[in-house]
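Everything on this sheet refers to the single structure shown next.
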């Protein structure tokens, strides 16, 4: 979505400056298993459940 382009650019800059990691997102509909993992983690670790459906997700590995 073009509406998220500015947000993604800011996040990409932050991740590059802080961690030297390339930041990339995918539509949440393309990776439902990742979204399920994120939902489970947020529920277990922080007892957070969001009613809004995420539009995009990102998976980054920091070395």
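Here, each number is a calculation from the coordinates, and none is a lab measurement. Since the model is a prediction, treat every value here as computed from it, not as a measurement. Positions of Cβ are backbone-derived with ideal geometry, glycine not excepted, and every protein chain shown enters the neighbour counts.
Worth pointing out:
- Distance in nm between pseudo-label sites at residue 5 and residue 40 (7 Å out along the Cβ direction from Cα): 3.7
- Alpha-carbon Rg with Dmax, taken over the chain, Å: 12.9, 33
- Axis angle, to the nearest 10 degrees, between helix 5-19 and the longest C-alpha principal axis of the chain: 80 degrees.
- Over the chain, Cα pairs under 8 Å with separation of 6+ residues give a relative contact order of 36 percent.
- Helix 32-46 axis, angle to the chain major axis (alpha carbon atoms, nearest 10°): 70
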